[in-house]
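Each reported figure results from applying straightforward, stated rules to the coordinates on display, with no laboratory input. Predicted model, so just to flag it, every value in this text is computed and none were measured. Cβ: placed from backbone, ideal geometry, glycine included. Neighbour counts: every protein chain shown.
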Amino acid sequence: WFAICGWMALRAASYCWRVGGSVSQLTLQSARCFPLVGAAWLLANRAGWMPFGFDALIVLLTAAHFHHAGFTLPLLAGKVSQTSPGRWSRATCFAVLAGVPLVAAGITATHFGLLPWLEPVAVALVVAGSLSAAALHLRLSLSTSRFGKWPRLLWAIAATSHIAAMALALGFGLRTWFPALALPMPQMWAIHGSLNAFGFGFLGLSAWALQPQDAD
């Protein structure tokens, strides 16, 4: 899997180097790059390695996180931005592109007792981008003249799921300042993870798969 993700990342980097493109296109291509980070952490977990002194559970959760925040989120954000271009969409893509790696940097900094403000700020940025992507999908779900019934229904459910999931993420990211807002880790990965994986990721991507390409 690590080799496959590496090959996809190389192809995406080559495409961006040769073609460039809009911020929505760069966001779509980032969905082929970020999973390489998740695959590297998954490889470390399976091999029993603990990079930077993180325990095995955090290594595994990092792998899972980069397969959602690094794949389904930029893929859906890039797709909705292409379909509904404008300043709002561009800002959403910028927030996702910057927020995903900054969250990883912030968690690492917190682990080493450095820059205590970085993780909360990074989480706030990626939450803003995520909520914006969800809102854009909600707007699409109301476009009765452009899209079919089933894609619109799935977009509405996916967006609602993502809003709930990211509210939990914001509370967890701000735990240094507001501990009462954070769920315990087992509840966090069960509820937040399930809402993102099955609600936003699976249903959101299924909606796009159902939508004819010529409607873009």
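Looking only at the range 44-60, filter to residues that are without any contact (Cβ under 8 Å) to a residue 40 or more places away in the chain and surrounded by fewer than 10 Cβ atoms within 10 Å (Cβ to Cβ); which one of those is nearest to the chain's Cα centre (by Cα)?
It comes out as Asp55.
Is it the case that the range 12-31 has a residue that's among the basic types (Lys, Arg) and touching a helix residue (DSSP H, G or I) at 6+ places or on another chain (Cβ under 9 Å)?
If we filter the range 12-31 for residues that are among the basic types (Lys, Arg), which is where we start, we get 18.
Still in the running and touching a helix residue (DSSP H, G or I) at 6+ places or on another chain (Cβ under 9 Å): none.
No, there is no match, as no residue in the range 12-31 is among the basic types (Lys, Arg) and touching a helix residue (DSSP H, G or I) at 6+ places or on another chain (Cβ under 9 Å).
Pull up the range 144-180, narrow it to residues that are in a loop (DSSP other than H, G, I, E, B) and charged (D, E, K, R), then point me to the one that is farthest from the chain's Cα centre (by Cα).
First, the residues of the range 144-180 that are in a loop (DSSP other than H, G, I, E, B): 144-148, 174-178.
Among the residues that remain, those that are also charged (D, E, K, R) are: 146, 175.
Numbers: Arg146: 26, Arg175: 20 Å.
Checked the range 144-180; the qualifying residue farthest from the chain's Cα centre (by Cα) is Arg146.
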